[in-house]
Amino acid sequence: MANARKALGRGLSALIPDNLEDEDLNKVREIDIDLIVPNPNQPRKSFEPIKLKELSESIKKYGMIQPIIVKKEDSVYTIIAGERRWRASKIANLKTIPCIIRDIENKNASEIALIENIQREDLNPIDEATAYEYIMNRYAITQEELAEIVGKSRVYVTNTLRLLNLDSYAKEKIISNEITQGHARAILSLEKSVQKKLVDDIIENGLSVRDVEKIVRNMKSNKVKKIVKKDKYILNIEESLTNKFAVKVKVINNKNKGKIQLEYKNLNELNRLLDIFNINE
């Protein structure tokens with residue numbers, strides 16, 4: 001967490017100290033666990049049951065070492081940071097847990113929850129991207145501003161946000177660690193229907209990121225070749241018409257029907273064409 005603090009802005013780093021300050025220690029209260037509710041804007045959407053169980057066993061044995069941070073709203077306490085510890089404590093059947101109550105603006109609350117979670121290694125890339133998108137939309141900030149808040153480069157933030165454009169199937173496989181971010185970035189430019197098939201190939205055949213990048217390059221290359229490839233007969237017609245009219249002519253043929261396009265660069269060329277077709281006044 002010390003490295004994370006160095007990357008944060010001065011105001012935000014003060015809200016997330018390496019160790020609880022004396023002032024915070026004086027604010028620690030044992031609160032009924034049933035009066036605590038999760039933050040609806042929590043950036044993390046998935047909690048692995050096995051890891052929660054492991055944490056709950058640790059809490060049973062050693063107690064909760066670090067209090068969670070909450071804010072009071074009416075008769076309940078909304079979690080600002082520490083939902084994972086709260087969930088594990090419920091599994092451990094604790095009646096109360098230590099909390100620090102902070103009265104801060106909603107924006108700061110969301111920033112604290114976001115930063116606490118994205119600095120963790122176990123936050124999956126899709127939850128991270130969703131958190132970034134939420135903060136940007138909620139507070140109308142740019143990618144550069146977001147990058148400064150979370151202590152990441154703008155390129156990193158951009159690449160992470162791009163993961164949200166993936167097919168839902170691909171997103172699920174990232175969350176379950178069946179494919180990596182590298183795999184995901186390699187297939188982003190493909191149509192979503194193609195993404196799903198390639199994701200299955202990655203999992204089934206254990207393809208590396210380089211393997212996938214090569215496959216995608218070949219797919220794009222073949223598609224381009226297919227698009228630009230024209231029947232020799234059509235090419236000959238285009239060449240003959242171009243020579244006849246002295247302007248570029250394009251013949252678009254599709255199953256024996258299509259259109260002929262003549263391109264002119266100036267009004268003189270247009271008038272000359274109209275003369276040829278005998279439709280100029």
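Of the residues making up the range 176-191, just one is loosely packed, with under 14 Cβ neighbours inside 10 Å and either part of a helix (DSSP H, G or I) or touching a residue at least 60 places away in the same chain (Cβ under 8 Å) (or both), namely Gly182. One residue stands out in the range 261-271 among those that are in contact (Cβ under 8 Å) with a residue 12 or more places away in the chain and out of contact with any Leu (no Cβ under 7 Å at 6 or more places or on another chain): the one that is surrounded by the most Cβ atoms within 10 Å (Cβ to Cβ), namely Glu269. Would you call Lys53 out of contact with any strand residue (DSSP E or B) (no Cβ under 9 Å at 6 or more places or on another chain), at pLDDT 85 or above and closer than 27 Å to Thr180 by Cα? Spelling it out, Lys53 is indeed out of contact with any strand residue (DSSP E or B) (no Cβ under 9 Å at 6 or more places or on another chain), at pLDDT 85 or above and closer than 27 Å to Thr180 by Cα.
Taken together, Val212, Val224, Val249 contain a single residue that is in contact with a strand residue (DSSP E or B) (Cβ under 7 Å, 6 or more places away or on another chain) and either at pLDDT 85 or above or surrounded by fewer than 13 Cβ atoms within 10 Å (Cβ to Cβ) (or both), which is Val249. If you filter the range 231-245 down to residues that are without any contact (Cβ under 8 Å) to a residue 12 or more places away in the chain and over 46 Å from the mean Cα position of the chain (by Cα), you find that the one that is farthest from Leu270 (Cα to Cα) is Tyr233. Scanning the range 46-80 for residues that are acidic (Asp, Glu) and in contact (Cβ under 8 Å) with a residue 12 or more places away in the chain yields Glu48, Glu57.
Only one entry of Ile126, Ile141, Ile112 meets the criterion of being at pLDDT below 80, crowded, with 19+ Cβ neighbours inside 10 Å and closer than 25 Å to Thr158 by Cα, and that entry is Ile112.
The values are calculated or read from the model by the stated rules, or taken from the named source; none is laboratory data. For clarity, every value in this text was computed on a predicted model and none was experimentally measured. Glycine gets a Cβ as well: all are built from the backbone with ideal geometry, and neighbour counts include every protein chain shown.
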